[in-house]
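What follows is a single structure, written as structure tokens, with notes after it.
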Amino acid sequence: MRINLASVLVDDQEKALRFYTDVLGFVKKHDIPMGADRWLTVVSPEDPEGTELLLEPSGHPAAKPFKDALVADGIPWTMFAVSDVQAEYERMRGLGVRFTQEPTDMGTVITAVFDDTCGNLIQIGQMKS
Amino acid sequence: MGDVFKALADPTRRTILDELTDRDGQTLFELCARLVSIHGLSSSRQAVSQHLDVLESAGLVESRREGRYKFHYINTKPLEPIVERWLRKRGRT
């Protein structure tokens, strides 16, 4: 068994697709109409056959209070690996991305947390060599 | 002043203040991550939240909502009477 798909609950799939591709740099993999919504996944250009990220609509009534409570306490719901957190932080800040945690040395890892504009906080992490 | 001493009597709460001195304005998540990864303190989020409540009621921490986020800031004002009472007066004589 292996993990081939992870999800984020996004409040607007089209906006999410723009953010996850234009800002974060992922590429669209699947875009299949599913009634009012889409089966919409992105992958890393560094690993196009790797784990897909599903941009899942957050229309369920439980989703918003759940997401709001996590964001209020600064809790990121998923994490992406980068080679240089400080460089990504500066690049993304330049694109207007809001960070709730600046790059911080956490011992074995350097992390930062940003708002994905779709209702989630996401952590980026760089393992220290 | 009683609340301030009570708040400072706990080592985890003193560490929280240390970390807010390192960077002011942190989310609960960041504080918890710092406590566990930098100090090896495995307090639950709920426990850290309760520590923050104690610090807040003593006036040593202020939490401010900024849109959808909530950040915690150190406030050293309640420490000034301590300095005034035992350090500054002594320095004058």
State yes or no: is B:Ile82 open to solvent by 20 Å² or more (accessible area, probe 1.4 Å), over 27 Å from A:Val109 (Cα atoms), part of a helix (DSSP H, G or I) and in contact with a helix residue (DSSP H, G or I) (Cβ under 8 Å, 6 or more places away or on another chain)?
-> yes
Any idea how many residues of segment B:1-28 are among the polar types (S, T, N, Q) and in contact with a Gly (Cβ under 8 Å, 6 or more places away or on another chain)?
-> 2
Name the strands (runs of 3 or more DSSP E) wholly within segment A:66-129 that hold at least 1 residues that are closer than 20 Å to A:Gly50 by Cβ and open to solvent by less than 20 Å² (accessible area, probe 1.4 Å)?
-> A:121-127
Among (1) among the hydrophobic types (A, V, I, L, M, F, W, C); (2) surrounded by fewer than 13 Cβ atoms within 10 Å (Cβ to Cβ); (3) under 11 Å from the mean Cα position of the chain (by Cα), A:Leu5 falls short only on (3)
So A:Leu17 fits all but one of (1) over 14 Å from the mean Cα position of the chain (by Cα); (2) more than 14 Å from chain B (Cβ to nearest Cβ); what number is the exception?
-> (1)
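So that you can scan it fast, the table gives a plain yes or no per residue for (1) within 14 Å of chain A (Cβ to nearest Cβ); (2) hydroxyl-bearing (Ser, Thr, Tyr); (3) closer than 29 Å to A:Thr117 by Cβ; (4) out of contact with any Ser or Thr (no Cβ under 9 Å at 6 or more places or on another chain):
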position	(1), (2), (3), (4)
B:Phe5	no, no, no, yes
B:Ala9	no, no, no, yes
B:Ile16	no, no, no, yes
B:Phe29	yes, no, yes, no
B:Ser49	yes, yes, yes, yes
B:Glu56	no, no, no, no
B:Arg65	yes, no, yes, yes
B:Pro81	no, no, no, yes
B:Arg88	no, no, no, yes
Give the residue, chosen from B:Asp24, B:Asp18, that is open to solvent by 70 Å² or more (accessible area, probe 1.4 Å) and assigned to a helix (DSSP H, G or I).
-> B:Asp18
Unique residue being free of Cβ contacts under 8 Å to residues at least 12 places away in the same chain, out of contact with any His (no Cβ under 8 Å at 6 or more places or on another chain) and surrounded by 14 or more Cβ atoms within 10 Å (Cβ to Cβ) when the list is B:Ser42, B:Ser37 = B:Ser37
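The values are calculated or read from the model by the stated rules, or taken from the named source; none is laboratory data. All figures in this text were calculated on a predicted structure; none of them were measured in a lab. Positions of Cβ are backbone-derived with ideal geometry, glycine not excepted, and every protein chain shown enters the neighbour counts. For the accessible areas, the whole protein counts, side chains as well, though only heavy atoms, and no ligand, DNA or RNA atoms are used. Shrake-Rupley method; radii C 1.70, N 1.55, O 1.52, S 1.80 Å.
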